[in-house]
Amino acid sequence: MINVQQIKRRFMLHLDPVLLSGLAALLFVSLVVIYSSSDGSWMRVLGQLVNILVAFTALWIVANMPLHWLMRIAVPMYILGMALLIGVALFGEISHGARRWLNIGVATIQPSELMKIAVPLMMAWYFEKHEATLTWRNHLIAAVLLAMPFALIVRQPDLGTSILIAASGFYVLFLAGLSWRVMGTLFVGALASAPFLWHALHDYQRHRILMLLDPSQDALGKGYHTIQGMIAVGSGGFLGKGYMEGTQTHLDFLPERSTDFIFAVYSEEFGFLGNLLLLGIYIFIIGRGFIITANASTYFTRLMAGSVTLTFFTYTFVNMGMVTGILPVVGVPLPLLSYGGTSMLTLMLGFGVLMSIHTHQRLVKT
């Protein structure tokens, strides 16, 4: 006879209920806002439900992986990701002026998304192997492990993804003990090289930065996204205009309203009060991630958990920053809220790692 309770217990064994509740709340909000942003399209909502199902399946699989399995796949995953990025550089498909996709016969993939997990996993594995004898040389080698995929992704060009990968790798370096003196030196060096970096940027990237300073100089062109996003966020007021009553959204002024600018849709309809609730959910998830990081039992798990949590924070900050006009538009979706499968899959893989770290560690202690 099938024991339903036992099956349920086994299914939930490596899922953290606290973190899962925060993710579920965010995904529910996603479905609600996508329905509005798509003018009541149930097909769009169904598409997001499929994305959620696929991403949750990936989360469950990773959450059930023992911690030594995560370490074991770090090097193969990194090597595979690098091979695919080189393949993109040599044979990738060009779309909208960028070479980001690789046709592998059965499907067309974007290898840079894999590196969002592979890079911090590889760096955490490397530091774990050298924990007892860490020197500045180890930090330098780890920085090279980060720089190689970063350079290939910047070259595509894909500024948004390269920023997120750089952030995930930097957080591992920081948590592994990178000194403040070195970080200060790097910051000063970055400022000094700013003129050279400016000329190395593509024209559209320079335009995005200029639009941040004054979007009105090209209000119907390069600055359009920024201006419309700020109008939508500001027009929501304290309580918002009401569900499916946002004029910027439903009169088609707001671009990319189900993806990169979904926060503007939410802000216009639910206002400042709704934003506080949404920020509360994000803070709850990030806080839970920090608790798991603080309780991690090994160097590897601490570095990996911290990187996943801080990268999720970076996703959120960058998207909200670009929608509200305090950061350039770089094509970063709002995590777990924007429509799309690739970004959601990557994020849920990261949360699967967090749950594996928490639940397997808990079982060892008991």
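None of the figures in this text is laboratory data; all of them are computed from the coordinates on show. Computed from a predicted model, the values in this text were never measured in an experiment. Cβ: placed from backbone, ideal geometry, glycine included. Neighbour counts: every protein chain shown.
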- Note on the structure: In Å, the C-alpha Rg and Dmax of region 244-366 are 16.8, 57
- Value of relative contact order over the chain, rounded to a whole percent, pairs C-alpha under 8 Å and six or more apart: 27 percent
- Task: Tell me the label-point distance for the pair Thr185, Phe28, using the 7 Å Cα-to-Cβ offset, in nm and rounded to one decimal.
- Result: 5.1 nm
- Pick from Met115, Met77, Met348: which is most flexible by mean-square fluctuation in a GNM of the chain where alpha carbon atoms under 10 Å apart are linked? Met77
- Query: Quick one: putting +1 on the C-beta of Lys and Arg, -1 on the C-beta of Asp and Glu, what dipole do you get for the chain around its Cα centre, in Debye to the nearest 20?
  - Reply: 1180 debye
- Task: Give the Kirkwood hydrodynamic radius (Å, one decimal) of region 4-365, defined as one over the mean of 1/r across all pairs of different Cα atoms.
- Result: 21.5 Å
- For His68, His139, ascending order of other Cβ atoms within 10 Å (fewest first) is His68, His139
- Note on the structure: In the chain, taking the dipole from +1 charges on Lys and Arg beta carbons and -1 charges on Asp and Glu beta carbons about the Cα centre, the listed residue (Ala24, Leu278, Ala98) farthest towards the positive end is Ala24
- Query: So if R0 is 22 Å, what FRET efficiency would Ala98 and Val54 give, r being the distance between their Cβ atoms, rounded to the nearest 0.05?
  - Reply: 0.35
- Note on the structure: Projecting the Cα atoms of Leu347, Met71, Ile86 onto the charge dipole of region 4-365, where Lys and Arg contribute +1 and Asp and Glu -1 at Cβ, the residue farthest towards the positive end is Met71
- Message: If neighbour count is taken as other Cβ atoms inside 10 Å, put Val332, Val50, Val75 in order from fewest to most.
- Response: Val50, Val75, Val332
